[in-house]
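Student: Quick one: structure below, then a few questions.
Just so it is clear, none of the values below were taken in a lab; they were calculated from the coordinates. As the structure is a computational prediction, the values presented were derived from the model and not from experiment. Using ideal geometry, Cβ is built from the backbone for each residue, glycine included, and neighbour counts are taken over all protein chains shown.
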Amino acid sequence: MFAIEDWSKEKVHSVMREVLFSFNYMWFLMEAWARQNCPEKAQGEDFMRLNDEFGRHQAQRLGKVVDDKLTGVARLVAFVRHSHWCAFEEIELTPLSDQRLRMRTIGCTAQKAARKWGMSHYDCGQSGLRLRTGFFKEVIPTAQVERIFTPPEEKPAGAPDQAACEWIITI
């Protein structure tokens, strides 16, 4: 194990960030491999269920570090602020009411990578919905996630040009 107790905060941050980026890169490679080599299974329920599990598991782990006194939309925001989304992306979180939260990804790294690899977009709509649903339901069991848009869908009026996707979470 890392001797992080002996490391500076800067070194811990740098190492963990590089590890996170490595895991993220490998996830994309493995997902692309599955889509290419077994497309019927990559779009199937068993594969999609992995997204639910990842979301749930991440939220369970974050429950150990997020203030357990938080409730409602503030609780959702705190969990997202500690999640992989904020590790990799610029995430815009806007409370719309006491029961609703808008989550946007600005300048998505997955979409940038897809274009770099010669793709028009990274198709993340269904998997993104499943991942967020698993995550938010673990945080607050009544949470419902609505996909507003993901690539290649048109952005609704008022969405910033840099927004890659938008979701509404209702509790």
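Student: For region 111-128, give me each residue that is within 16 Å of the chain's Cα centre (by Cα), of a type in the set (Gly, Ala, Ser) and over 16 Å from residue 84 (Cα atoms).
Tutor: Passing the criteria: 113, 125.
Student: Where the second residue is aromatic (Phe, Trp, Tyr) and the first is free of Cβ contacts under 8 Å to residues at least 24 places away in the same chain and lies in region 72-99, which pairs have Cβ atoms under 8 Å and are six or more apart or on separate chains?
Tutor: 91/85
Student: Wholly within region 22-110, which helices (runs of 4 or more DSSP H) include no fewer than the required count, namely at least 1 residues that are within 30 Å of residue 120 (Cβ to Cβ) and under 15 Å from the mean Cα position of the chain (by Cα)?
Tutor: Values: elements: 39-42, 45-62, 72-81, 84-88.
Ranges flagged: 45-62, 72-81, 84-88.
Student: Still on this structure, please answer the following. How many residues, within region 37-82, are closer than 17 Å to residue 128 by Cα and crowded, with 17+ Cβ neighbours inside 10 Å?
Tutor: 12
Student: Name the single residue, out of those in region 1-36 being small (Gly, Ala, Ser) and closer than 21 Å to residue 86 by Cβ, that is surrounded by the fewest Cβ atoms within 10 Å (Cβ to Cβ). Don't jump to the end; show me each part of the working.
Tutor: If we filter region 1-36 for residues that are small (Gly, Ala, Ser), which is where we start, we get 3, 8, 14, 22, 32, 34.
Still in the list and also closer than 21 Å to residue 86 by Cβ: 14, 22.
Values: 14: 12, 22: 10.
My answer is 22.
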